Amino acid sequence: MIRNYLKTAFRNLLRNRSFTIINIAGLALSVACALIIFINVQFEKSFDHFNSQKSRIYRIVTNTSYSDGTKAQTSGVPLLLGEALQVDMPQLKDVTTAYSQFNSFFAVTDPETGEVRKFKQDDGIYYIQPDFFKIFTFPWITGNPATAMAEPNSIALSKSVAEQFFGDWKKAIGQSIKVNHSFTLQVNGIMNDSPDNSSIPLKIAMSFITFRTNDSASYNQLSDWGNISSNFNAYVLLPPNMSAASIDRLLPSFSKKHYRSNTNEQMLNSLQPLSDVHFNQDYGSDVRTVSKTTLNGVILIALFVVLMACINFINLATALATRRSREVGVRKVLGSSRFDLVKQFAGETFLIVTASSVIGIAIAVAAFPFVKDLTNLPDNVSILFSSNVWIWIAIIILAVTVLAGTYPALVLSGFQPIQALKNKIPNRTKTGVSLRAGLVVFQFLISQVLIIATIITAGLLQYIHQADLGLNPNVIMQVPLYSDTTAIARFSDFKNEVQQLSSVTNVSISSDAPTSENDWSTNFSFDHRPKDEDFNVYLKFADADFFRTYGLKFLAGQGYEQSDTSKEVVINKTLMKKLGVSNPQDAIGKMIRTGRGKWKPVVGVVKDFKTNSLHETVKPTYISCKKDYYGIAGIKILPGTISETITAVNKIWDRIYPEYFFGNTFLDENIAQFYLQDEKLAKLYKVVAALAIFISCLGLFGLVSFFIANRTKEVGIRKVLGASIANISALFLKYFLVLVIVALIIAIPMGWYLMNSWLQNFVFRINISWWTFILAGLLSISIAVLTVIVQILRLAFINPVKSLRIE
């Protein structure tokens, strides 16, 4: 019996090979798309799951409310919070603080040759307390974290970093490493490499006491409850029977006790589950995050693509029903039950789906290297070597078999024997017009929503690239500087020599670029008012050439005098407005002070520049000199001289900073990183929209082919009676064109709602124009018309005599 079913299935698939190819192609492409999306979603949702105690780990975050109604959230906490929390809440036995570092320099001496090798590490560097490794699952290959992280001048390396530094991680133990040309640490442990799906990309762990002993000035300065930095993160492991809500109820009184009383702001700590860290974008950019809404949207897109392929199958299977009516009649007369017929037709569907899945897997494997830029997947992720992937493939096969095969099987098995043998199937079953029309509308609805999304995301990205940032970021090279006293003393020498290069127009040394991820803020007073303003001011420190180098425009006044310490201040227009000053000239000469520092005069007001990404508002900004806070050199280069300038600057660096590592980036590239996720989303929309259109056209092509085949004689009669090719084309085209227009009418409000909601993530954004929907409609209609007209013209040109002879 099974053999008979298989033979019949293969014969039917071969007999209707064009429809088989259409079904397999559509399903294979949808399976490949769904598979790649599944792997990406699985990776994103697996973040931090490797921690054996993940359900009990919480990060302590800080929420600030200002008296003007604004709010700020940060993952950072005061340096002393961890210790205070254990004193005030002794029930919390496992609390730890981690201090993250970036762009650090390491020097190691080869014990055999005496050669000094220099390395720069961008991220993954932390000062760690011993309890950190009791909370998080970061296994050590060798060494004891409890003792290594309790000793001063102690460092542990990940296996890959140890091999980078010493060639073989086994040679690293006991070796010395000089950090930032300041202090020397001993390697006392080697850790397994941090998983790619970790919110804490731990590569280098230095004992926390090392920071306290080697940089006591900074430690003492930061040991103030008013100093909150996103670099300081506190984590707590709740006891097994303790709820987060019970601790959250105690944190308001804890916060009130330790933060200084301030009528302008109120700070409150709260617990954030570790499972929320990767998906919550409210607490800053200290870790890579992804929106759950975006992730769910991507999952929905994958389901819709698979659903569209299923619709193709249903449409074509029901359209072919009349060709198999006699087969159904014979089988029923010979004793087959309806259940037997359902099994047969579902089995045929299973064969097609299985074949499609195999081809889809092959397509996904072949396409995977080319779609990596659409995802955040690490290089070591594989499609085939994952048990979850095969479970997902099995689910797809079963789900698509049930979804695509159930209705056609019920339709075919439901034919009455006598009517089936006479090929007199009721007209509503024979055509299934309403169902197939609805399914075609649904297909093009999805396609048009994706086209609308693609046009809007492309428009937004074009706006981002062309947006007036209030500065000129082009051809500005940024060279990271080091903050130890030796490096600071050579800032001027480095700047002066670089400035002498003929390809360099300006050089500025500053804490950061005008547009950056910096969110350093503080309380401040203005115009000798008796109390602080009811909002914080954001700080940037730079030399006097900052404004000319980055092309900032003055609305009033001028830049300050060159100085190593802060004596004068420049503010931006946003700060001026928030201070209640309407005329920029009126702000000149007013006094301002940060914290409890000295009063300084405002000497200039600059036009607003984008302080952060376009996702955020322009921050009220204060700019002044402070040499000790400088961290980068911004070098304005003449266009067309980039390569030779980098080489020349590198030579100057090696002469002035021979013991330091040289690195460089470009400002426009750094700004582009703000929108990397948006770029990926736009590319994904383009690819999936093209795939959705292709699958829709495949189904439409097959459906039109069958529709025309059933009306060949009608076309012959119409041509004999004098109908022109244009008349015949218009007759058939009208039916399918109406379906596309109906889909467009539904897609317009749906697309507007979805994309308008997405655009709310940007403070600076485009407006959705009416022409977006016109363009999407014209594109959809053009594609549909082209698909249909090719088939119609082929029929219209057939000799009417041959058409009338077709049985």
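The values are calculated or read from the model by the stated rules, or taken from the named source; none is laboratory data. Just so we're clear, the structure is a prediction, and the values are computed from it rather than from any experiment. Here Cβ is always computed from backbone atoms with ideal geometry, including for glycine, and neighbour counts include all displayed protein chains. What goes into the accessible areas is simple: the full protein's heavy atoms, side chains included, and nothing from ligands, DNA or RNA. Shrake-Rupley method; radii C 1.70, N 1.55, O 1.52, S 1.80 Å.
Go through 81, 733 and list them by solvent-accessible area, largest first, probe radius 1.4 Å.
Working: 81 0, 733 30 Å².
Heavy-atom accessible area, descending, gives 733, 81.
Below 16 Å, Cα to Cα, which aspartates and glutamates can residue 343 reach? Residues fewer than 8 away in the same chain don't count.
327
Which percent of the accessible area of the chain is formed by carbon and sulfur heavy atoms (probe 1.4 angstrom)?
57 percent
Counting only the heavy atoms of the protein chains, how much of residue 528 is accessible to a 1.4 Å probe, in Å² to the nearest 10?
We get 110 Å² for residue 528.
Once a ≥ b ≥ c are taken as the square roots of the eigenvalues of the Cα gyration tensor of the stretch 454-559, is the result rounded (a/c under 1.5), prolate (a/b larger than b/c) or oblate (a/b not larger than b/c)? List each step's numbers first, then the result.
On the way: a/c = 1.81, a/b = 1.03, b/c = 1.76.
The shape class here is oblate.
Per residue, how much accessible area does the chain have with a 1.4 Å probe, in Å²?
On a per-residue basis, 45 Å².
Among 345, 783, 609, which residue has its Cα furthest toward the positive end of the charge dipole of the chain, with +1 on Lys/Arg Cβ and -1 on Asp/Glu Cβ?
Value computed over the given set: 345.
Residue 458: net charge of surrounding residues, Cβ under 14 Å, Lys/Arg +1, Asp/Glu -1, itself excluded? Don't skip to the answer; put the middle values down first.
Values: positive: 680, 683, 686, 765; negative: 678, 679.
Spelling it out: positives minus negatives among the neighbours equals +2.
Highest mean first, how do 196-205, 394-403 rank when packing is the count of other Cβ atoms within 10 Å averaged over residues?
196-205, 394-403
Tell me, what is the percent relative contact order of the stretch 577-619, built from C-alpha pairs under 8 Å that lie six or more residues apart? Don't jump to the answer; show the numbers that get you there.
On the way: 33 pairs, mean separation 10.9, N = 43.
Once divided by the residue count of the stretch 577-619, the mean separation gives 25 percent.
Quick check: convex hull over the Cα atoms of the chain, volume per residue in Å³, rounded to an integer?
218 Å³
Near residue 256, which aspartates and glutamates are there with a Cα under 12 Å away, not counting those fewer than 8 places off in the same chain?
265
Over the chain, calculate the relative contact order: mean separation of alpha carbon pairs under 8 Å at least 6 apart, over the residue count, as a percent.
Rounded, it is 15 percent for the chain.
Can you tell me, using C-alpha contacts under 8 Å and at least 6 residues apart, the relative contact order of the stretch 494-552 as a whole percent?
That works out to 38 percent.
Ignoring ligands, DNA and RNA, how do 586, 94 rank by accessible area with a 1.4 Å probe, largest first?
Details: 586 85, 94 35 Å².
Correct descending sequence by accessible area is 586, 94.
Using the scaling law 2.2 N^0.38 Å as the reference, what is the normalised Cα Rg of the stretch 594-675?
That ratio works out to 1.47.
For the chain, give me the percentage of DSSP beta bridges that are antiparallel, rounded to the nearest 5 percent. Walk me through the numbers before you get to the answer.
On the way: 72 of 89 bridges.
The antiparallel fraction comes to roughly 80 percent.
Find the Cα radius of gyration of the stretch 55-108, compare it with 2.2 N^0.38 Å by division, and give the number to two decimals.
On the way: Rg = 15.6 Å, N = 54, 2.2 N^0.38 = 10.0 Å.
Its radius of gyration relative to the 2.2 N^0.38 Å reference: 1.56.
Where does the charge balance sit around residue 474 when Lys and Arg score +1, Asp and Glu -1, over other residues with C-beta under 14 Å from its C-beta?
Here the charged neighbours net out to -2.
Is the stretch 28-170 rounded, prolate or oblate when judged by the Cα gyration tensor, a ≥ b ≥ c being the square roots of its eigenvalues, rounded requiring a/c under 1.5 and prolate requiring a/b larger than b/c?
Oblate shape, in that a/c is at least 1.5 and b/c is the bigger or equal ratio.
Taking a ≥ b ≥ c as the square roots of the Cα gyration tensor eigenvalues, with a/c under 1.5 meaning rounded and otherwise prolate when a/b beats b/c, else oblate, which class fits the stretch 512-632?
Values: a/c = 1.24, a/b = 1.15, b/c = 1.08.
Rounded, since a/c falls under 1.5.
Taking the mean number of other Cβ atoms within 10 Å as a proxy for protection, how do you rank 159-165, 543-549 from highest to lowest?
Numbers: 159-165: 18.9, 543-549: 21.0.
Ranked from most to least packed, the peptides come out as 543-549, 159-165.
Once you list every other residue whose beta carbon is under 10 Å from the beta carbon of residue 53, what net charge do they have if Lys and Arg are +1 and Asp and Glu are -1?
After counting each charged neighbour, the total is +2.
Past 30 Å, Cα to Cα: identify those pairs from 118/626; 495/567; 619/651; 134/170; 531/567, in the order given.
Violating the 30 Å Cα-Cα cut-off are 619/651.
I need the peptides 38-50, 623-635 ranked by packing, meaning the mean over residues of other C-beta atoms within 10 angstrom, with the highest value on top.
623-635, 38-50
So which lysines pass the test for residue 680, namely a Cα distance under 16 Å, with those fewer than 8 places away in the same chain ruled out?
Excluding near neighbours in sequence, the set is 292, 372.
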